[in-house]
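Below is one structure; the comments refer to it alone.
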Amino acid sequence: MFKVLVSDPISDLGISLLVEASDISIDKKTGLSEDELVAIIGEYDALLVRSQTRVTERIMTAGKSLKVIGRAGVGVDNIDLDAATKRGIVVINAPDGNTITTCEHTFAMMMALARHIPQAYAKTIGGEWDRKSFVGVELRNKTLGVLGMGRIGSEVAARAKAFGMKVLGYDPFLTEERADKLGVTLATVDEVVRGADFITVHTPLTPETRHMIGKAQFEVIKPGVRIVNCARGGIIDEQALIEAIDAGRVAGAAFDVFEEEPPAADHPFLKHPKVIVTPPSWRFYGRGARKRRDRCFRAAAAYFEERAVQKRRQHAPLYPATCLRSSSRTSRSPASSEASPRKSPMGLSRRSMSLMQANWPTSTRSH
Ligand SMILES: NC(=O)c1ccc[n+]([C@@H]2O[C@H](COP(=O)([O-])OP(=O)(O)OC[C@H]3O[C@@H](n4cnc5c(N)ncnc54)[C@H](O)[C@@H]3O)[C@@H](O)[C@H]2O)c1
């Protein structure tokens, strides 16, 4: 019997995928502190989280039986990947689950900024017919700077091109060839800061990207720029941004992520007339996106299913978790070629498993 702990609020569909898999028992205990998790994690084989639980090295050290951490969503910055890799714990996520949702939300934020939509709406429903205060700007012929040209950044760039914008892209892994294909001009952070009318960030939050746009950048930034952050709170220095807006250097900002979430009631963004805020865009998931995100549960279920089949057929030793990372390696495993069915009891073919496992971001060792 494999024991799974679900420590964040997670969709019933996702959980039902696990329940269907054999030999799994699931406990749902949300809102636990690190100490509380450390106290109980020892009895679990898997931990399933969204973004609230910070899966620290301390938790993994206490999780003596921990084999899998499932992240229902994209970012894995709440999981200490180095610690997981050291311990051979497989980390599964669903990276493309909300790419389009987040891209479209970013674009909606950019347009709301350009047209002052939330401010005009508030005034209009308040009974004022103010046709003068909300003169907007057009996106056409403006320059958009995209910091982080991965899945979401590339989708945003494609939409910006369709709106007649010029796109400057910065990403250490963006090749000239790929940039050409996307119709994006490769640029440095400094060129983006000095040249863009709109800037949007789509990087993970790392020591390199924390305050990537901070005091120094705001001093040289193109006057009148508008800034969007729908990636991770902390990539843009919030305090420096407010100062730059108040100094008239930045025309406005739209954020759905914050250095502290949820932002405190007296956070300057919440009252500022030039700042638009929403909760993170993954809150606005459609059904399809939720299904894609639930791949993480399917992969976790398939993982346990495979191990259960192995165990039942008493092929010792269990083949290593690393085999699950590619179907070719799996088929070379003597145990798997004989013992594994073409389809698992929950209907997952080997091919669909390896597709899901292509999303796994860490390397693993055997258990
Ligand atoms: N607000 C939300 O609701 C929401 C939803 C989904 C994703 N996100 C976040 O958006 C971000 C982007 O997601 P994605 O799916 O496009 O990820 P991705 O991994 O496809 O792209 C991230 C890109 O950032 C680049 N990058 C890394 N370090 C960089 C640096 N120092 N400078 C510039 N670029 C750097 C990487 O090379 C990569 O191309 C992630 O942080 C993710 O967690 C937020």
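FYI, it's all coordinate maths here, none of it is from the lab. All figures in this text were calculated on a predicted structure; none of them were measured in a lab. A quick note on method: Cβ atoms are made from the backbone with ideal geometry, for glycine too, and the neighbour counts reach across all protein chains shown.
When Rg is the radius of gyration of the Cα atoms in segment 99-283 and Rh is its Kirkwood radius, what does Rg/Rh come to?
0.95
Please give the length that would be gained between Thr185 and Ser16 if that part of the chain were fully extended, namely 0.36 nm times their separation in residues minus their C-alpha to C-alpha distance (nm, one decimal).
56.3 nm
Give Lys123/Lys271; Lys142/Lys222; Lys132/Lys215; Lys181/Lys215; Lys142/Lys274 a once-over and call out the pairs whose C-alpha atoms are over 23 Å from each other.
Distance filter (> 23 Å) returns Lys132/Lys215; Lys181/Lys215.
How high is the FRET efficiency from Asp266 to Glu219, r the C-beta distance, R0 25 Å, rounded to 0.05?
On the way: r = 26 Å, r/R0 = 1.06.
It comes out at approximately 0.40.
May I ask you to sort Met111, Met149, Met212 by Cβ crowding, counting other Cβ atoms within 10 Å and putting the fewest first? Don't skip to the end; give the middle numbers.
On the way: Met111 14, Met149 24, Met212 21.
By the 10 Å Cβ count, ascending: Met111, Met212, Met149.
Using a 7 Å offset from the Cα along the Cα-to-Cβ direction at both Ala39 and Asp77, what is the distance between the two label points in nm, to one decimal?
3.1
Under 11 Å from a point 7 Å along the Cα-to-Cβ line of Lys3: which residues of segment 52-69 have their amide N that close?
64-66
Residue farthest toward the positive end of the dipole of segment 99-283, with Cβ of Lys/Arg at +1 and Asp/Glu at -1: which of Val277, Val135, Met111?
In segment 99-283, that residue is Val135.
Net charge around Val4, counting only other residues with Cβ within less than 12 Å of its Cβ (Lys, Arg = +1; Asp, Glu = -1)?
Charge balance in the 12 Å sphere: 0.
Amide H neighbours of Asn229 under 5 Å, at least 5 residues apart or on other chains, H built in the peptide plane: list them.
Counting only residues 5 or more places away or on other chains, the set is Ala254, Phe255, Asp256.
As a footprinting exposure proxy, order Leu186, Leu270 by other Cβ within 10 Å, with the fewest listed first.
Details: Leu186 16, Leu270 13.
In order of increasing Cβ crowding within 10 Å: Leu270, Leu186.
Quote the charge dipole size of segment 99-283 about the Cα centre in Debye, to the nearest 20; the model charges only the Cβ of Lys and Arg (+1) and of Asp and Glu (-1).
For this selection, approximately 680 debye.
Would you mind ranking Leu81, Leu66 by Cβ crowding within 10 Å, fewest neighbours first? Could the numbers behind the result be given before it?
Details: Leu81 16, Leu66 24.
Least crowded to most crowded, the residues run Leu81, Leu66.
Could you list which residues have their amide H under 5 Å from that of Leu66, counting only those 5 or more apart in sequence or on another chain, with H placed in the peptide plane?
Result for Leu66 returns nothing.
Per 0.36 nm of contour for each residue apart, how much would the distance between Arg131 and Thr206 grow if the chain were fully extended, relative to their Cα-Cα spacing?
Stretched out fully, the Arg131 to Thr206 stretch lengthens by 22.7 nm.
Once you list every other residue whose beta carbon is under 12 Å from the beta carbon of Gly153, what net charge do they have if Lys and Arg are +1 and Asp and Glu are -1? Walk me through the numbers on the way to the answer.
Numbers: positive: Arg151, Arg159, Arg178; negative: Glu155, Asp171.
Net of charged neighbours comes to +1.
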